[in-house]
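Here is the structure we will look at.
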Amino acid sequence: MAEARPIISIQDVTKRFGGTVLAVDTVNLDIAEGEFFALLGPSGCGKTTLLRMIAGFETPTEGAILIDGEDMVGIEPNHRPVNMVFQSYAVFPHMTVAENIAYGLKVVGTPRKEIDQRVEEAIALVRLEGLEARKPDMLSGGQRQRVALARALIKQPKVLLLDEPLSALDAKLREAMQMELVNLQHSVGITFIIVTHDQHEALSMADRIAVMGDGRVLQVAPPMELYEYPSSTAVADFIGQVNIFAVEGAEDGGDCVVLRVPELGDVRLDPPKGGISHIAVRPEKIRLGVAEPEQAGLVKLRARVENVSYGGDQSHVFLRTADGTTVSVRVQNVDRALSSVVARGDQVWLSWQAKDIQPLAN
């Protein structure tokens, strides 16, 4: 299958505010036609500034942004083939649902008959049938968000930009809307770019994710690759929960590399490319047991349980080794027993397979 062509090409883009404050630092990024793409990172990492530059609300200090092959320099937001859904939805409170959705078409002078037809199609697309005459204050948060989506999509943009669109919703509705957005994107077939600080949101929705930090793109990858094979300690630590151990030295073991890890002793891994400064293991990869595991090839560690956090379907166990290293383990709650498998103060063994370790170069 041929690789999809880039609908957006970000080339050496840098953005400074006031001439000195560096918000986006030399970003190069291609986003494919029809892709659901996420810009993920903590507050202040530059993701929203990058989105606003794509939309035309900010101008790059250096570099170029191409949309569908056309350089966007000097092109105003309303003349770009994109539309944006804001965090606050920005629906007009004095207009009905239908009037809100039709607004963009009315502004550009679209014939009334065509407006009516496209509004009807947009309302069906976002499942707001029967609510056409309601004002925004008569709608739920999820319904207002659908109005904002329909208003953005009715102009048939080549790219839909979403700036933290689910942050105002409660947890259960937010999860439901994540799947609705994915289904909507598949239905319309256009490129969606979402900005979010929520790792779960990005992992569950996007085809690919760009993790940003300090204005730079740290890694771009599909969700599973990003989670299982982070490229750095910064990415590993930001995506989900992880245990990271420093590596003090390495030796050639012939068909493997032998790492000296103070808390774990010698750890044998398949030789990776480049040097290794740390290793990482996810909490769900670790097994807990009272007895020392006998299986050969396991990485083993003795630790004391400091706390158990119950989370319904799973519990999070926090432990500390004799030398003060903290480790977290995620345990699936498959038993309906009232007490946890482990309790505070228990001395237990932790173990995991070498294949579940991710070596990190920095």
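Search the stretch 104-118 for residues being more than 15 Å from PRO157 (Cα to Cα) and in contact with a helix residue (DSSP H, G or I) (Cβ under 7 Å, 6 or more places away or on another chain), and hand back the single one that is surrounded by the fewest Cβ atoms within 10 Å (Cβ to Cβ). Across the stretch 104-118, the extreme among qualifying residues is LYS106. One residue alone among PRO93, PRO77, PRO42, PRO60 is over 23 Å from the mean Cα position of the chain (by Cα) and under 24 Å from VAL220 (Cα atoms), and that residue is PRO60.
Only one entry in LEU169, LEU161, LEU149, LEU153 is touching a Gly at 6+ places or on another chain (Cβ under 8 Å) and closer than 16 Å to TYR89 by Cα, namely LEU169. Among the residues of the stretch 317-339, count how many are over 25 Å from VAL258 (Cα atoms) and out of contact with any Pro (no Cβ under 7 Å at 6 or more places or on another chain). Within the stretch 317-339, residues that are over 25 Å from VAL258 (Cα atoms) and out of contact with any Pro (no Cβ under 7 Å at 6 or more places or on another chain) number 12. Restricting attention to the stretch 4-34, the residues that are of a type in the set (Asp, Glu) and either within 15 Å of LEU51 (Cβ to Cβ) or not assigned by TED's automatic domain parsing to the domain that holds LEU203 (or both) add up to 0. Residue count for the stretch 51-102 satisfying the condition of being in a loop (DSSP other than H, G, I, E, B) and within 19 Å of GLY142 (Cα to Cα): 11. Restricting attention to the stretch 1-29, the residues that are free of Cβ contacts under 8 Å to residues at least 60 places away in the same chain and surrounded by fewer than 15 Cβ atoms within 10 Å (Cβ to Cβ) add up to 11.
Selection of the stretch 30-50 for residues being of a type outside the set (Gly, Ala, Ser), surrounded by 14 or more Cβ atoms within 10 Å (Cβ to Cβ) and either out of contact with any Phe, Trp or Tyr (no Cβ under 9 Å at 6 or more places or on another chain) or in a loop (DSSP other than H, G, I, E, B) (or both) yields ASP30, GLU33, GLU35, LEU39, CYS45, LYS47, THR48, LEU50.
Could you give me the residue pairs with C-beta distances under 6 Å whose first residue belongs to the stretch 292-309 and is over 19 Å from ARG268 (Cβ atoms) and touching a residue at least 24 places away in the same chain (Cβ under 8 Å), whose second residue is surrounded by 15 or more Cβ atoms within 10 Å (Cβ to Cβ) and among the polar types (S, T, N, Q) wherever it lies, and which are 6+ apart or on separate chains? Partner pairs satisfying both residue conditions: ALA303/THR321; VAL308/SER315; VAL308/SER340.
Of all the listed residues (GLN295, GLN241), the sole one being polar (S, T, N, Q) and farther than 21 Å from TYR229 by Cα is GLN295.
Among the residues of the stretch 83-103, those identified as surrounded by 14 or more Cβ atoms within 10 Å (Cβ to Cβ) and either touching a helix residue (DSSP H, G or I) at 6+ places or on another chain (Cβ under 6 Å) or without any contact (Cβ under 8 Å) to a residue 40 or more places away in the chain (or both) are ASN83, MET84, VAL85, TYR89, VAL91, THR96, VAL97, ALA98, GLU99, ASN100, ILE101, ALA102. Yes or no: ALA168 assigned by TED's automatic domain parsing to the domain that holds VAL147, surrounded by fewer than 20 Cβ atoms within 10 Å (Cβ to Cβ), more than 13 Å from the chain's Cα centre (by Cα) and free of Cβ contacts under 8 Å to residues at least 40 places away in the same chain? Taking the combined requirement at face value, the residue does not satisfy it.
The values are calculated or read from the model by the stated rules, or taken from the named source; none is laboratory data. Source: prediction; values computed, not measured. Please note: Cβ atoms are built from the backbone with ideal geometry, for glycine as well, and neighbour counts cover all protein chains shown.
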